[in-house]
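Down below is the structure, laid out as structure tokens.
The values are calculated or read from the model by the stated rules, or taken from the named source; none is laboratory data. Keep in mind that this is a model prediction, so the values were computed, not measured. Heads up, the Cβs are rebuilt from the backbone with ideal geometry, glycines too, and the neighbour counts pull from every protein chain shown.
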Ligand code: BGC
């Protein structure tokens, strides 16, 4: 009896215990599922907010064309500055000699020496030296920046081999590519309006950038004349046009983003009377600052903007360019980590802005291994999150995809906006802010020169951009539009323009 009741008691308590364990497991599973659903909800909400249907892209196209018009009509008429470049004569192909360029504007700084032959597109030789801009220089003084740049230029010139000696009385001509918003007063002078892309050298704002460089060059005793000051988008357009005269625009999608295009001078209303009324001029749009209510903006974009050194500025750039894409993805992943314990306790590194750079994000996105090995490595090494399950890693790749796809499609809409403004999108162009009826313009071969690591090195970005261009324009029109990658166009283009405006006219 004693034995029986003891056995019964054991059996009952075992049953109770296992029911208890099962109940705990069920509760845990339910909690896990809830947390997983919350993560999925974060993703879904983000994806919906980033939607770029072709209808929405067309609204962005129209807004871009209208804002371009407003920016040309009056100073401050639009967030698009539509800055004059004073580049009216593009290289003809007859330029000859050795010309230099300094290219400042992103993560890297370049010195170039370009030898031009006398046939079209005859860049005989091009030496480029590239080095990262030390982080501290980006927020230092203009004296430190120009001292660093001219020291590199001096070393570059001193290393040159034979053949580049100067004839007596001659100076080396140099084109300065300065990839920030500059209000030009001529092709070789202009004042910095503001900094972008994390640069903040206060004492240079409002100053003539070319003059500051010239002074620093003189101080170093170099026999060099700054003959042109250009934006990188203008340099890219110049090289593109040098290779192919059907080139009408230059686009940069790198650390920052921008575009420039050839505009009829009589359409630049804000300068009527000041410019010759016939001919064209390259207009630096500064499209990074474009804004429209049609842009698919998320709460992550808003937070990023508020936390940036330039809130309310460069809204388009903050959705498109290499400086920001990784950071948008990091913010979404951080939110997911807060919503669930799939990543373990929230990694302190994940909460640090800009720890997920765009190159890392693109490496995660383009990880083709079945078990997403690269994603595992980046999560562990860069973000301090080890042991993330495969299904969660897949979700993170999806985040990268959403961020990249939106950026590329918006860039495509921007390009079509330019084509619309100049009547190359098949719709007849924009006059006085209104779209003319379609069918009154012939479709001409149109080339857009394009540069920047996001487009050239990031396959998915490139494919999404090209695909969106086809979708927006339709096949009939898009077959006439070519995006042509130029190499070092921002710098080589500046050297070409230095050749056009050389003081050593005999060399031309
Ligand atoms: C600058 C532009 C530049 C672009 C690409 C933007 O942040 O404002 O002037 O062309 O970056 O480098």
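Couple of notes before you dig in:
- Unique match (being within 15 Å of the ligand (Cβ to nearest atom) and more than 18 Å from residue 183 (Cβ to Cβ)) among 305, 313, 301, 246: 305
- Filter result for residue 350 (surrounded by 15 or more Cβ atoms within 10 Å (Cβ to Cβ) and assigned to a helix (DSSP H, G or I)): yes
- Residues that are farther than 30 Å from residue 158 by Cα and within 12 Å of the ligand (Cβ to nearest atom) within the stretch 193-227 comprise 193, 194, 195, 196, 197, 198, listed in sequence order.
- Counting only helices (runs of 4 or more DSSP H) that fall entirely inside the stretch 454-508 and contain at least 2 residues that are out of contact with any strand residue (DSSP E or B) (no Cβ under 9 Å at 6 or more places or on another chain), surrounded by fewer than 24 Cβ atoms within 10 Å (Cβ to Cβ) and not assigned by TED's automatic domain parsing to the domain that holds residue 114, the qualifying elements are 459-473, 475-478.
- For the stretch 68-86, the set of residues classified as in contact with a strand residue (DSSP E or B) (Cβ under 6 Å, 6 or more places away or on another chain), part of a loop (DSSP other than H, G, I, E, B) and on the phi < 0 side of the Ramachandran plot consists of 85 only.
- Meets criteria (within 13 Å of the ligand (Cβ to nearest atom) and either in contact with a helix residue (DSSP H, G or I) (Cβ under 7 Å, 6 or more places away or on another chain) or in the same structural domain as residue 322 (by TED's automatic domain parsing) (or both)) for residue 180: no
For (1) within 16 Å of the ligand (Cβ to nearest atom); (2) out of contact with any helix residue (DSSP H, G or I) (no Cβ under 9 Å at 6 or more places or on another chain); (3) more than 15 Å from residue 84 (Cβ to Cβ), each residue gets a yes or a no:
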position	(1), (2), (3)
251	yes, no, yes
260	yes, no, no
269	no, no, no
284	yes, no, no
294	no, no, yes
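- Verdict on residue 187 being closer than 26 Å to residue 455 by Cβ and more than 9 Å from the ligand (Cβ to nearest atom): no
- Residue match in the stretch 390-404 (condition: part of a loop (DSSP other than H, G, I, E, B) and either modelled with pLDDT under 95 or more than 16 Å from residue 42 (Cβ to Cβ) (or both)): no
- Scanning the stretch 46-58 for residues that are touching a helix residue (DSSP H, G or I) at 6+ places or on another chain (Cβ under 9 Å) and over 18 Å from residue 465 (Cβ atoms) turns up 46, 47, 49.
- Residue within the stretch 440-448 that is out of contact with any strand residue (DSSP E or B) (no Cβ under 6 Å at 6 or more places or on another chain), modelled with pLDDT under 95, under 23 Å from residue 73 (Cβ atoms) and not in a strand (DSSP E or B) present: yes
- Scanning the stretch 454-478 for residues that are touching a residue at least 40 places away in the same chain (Cβ under 8 Å) and over 23 Å from residue 322 (Cα atoms) yields 471, 472, 473, 474, 476, 477.
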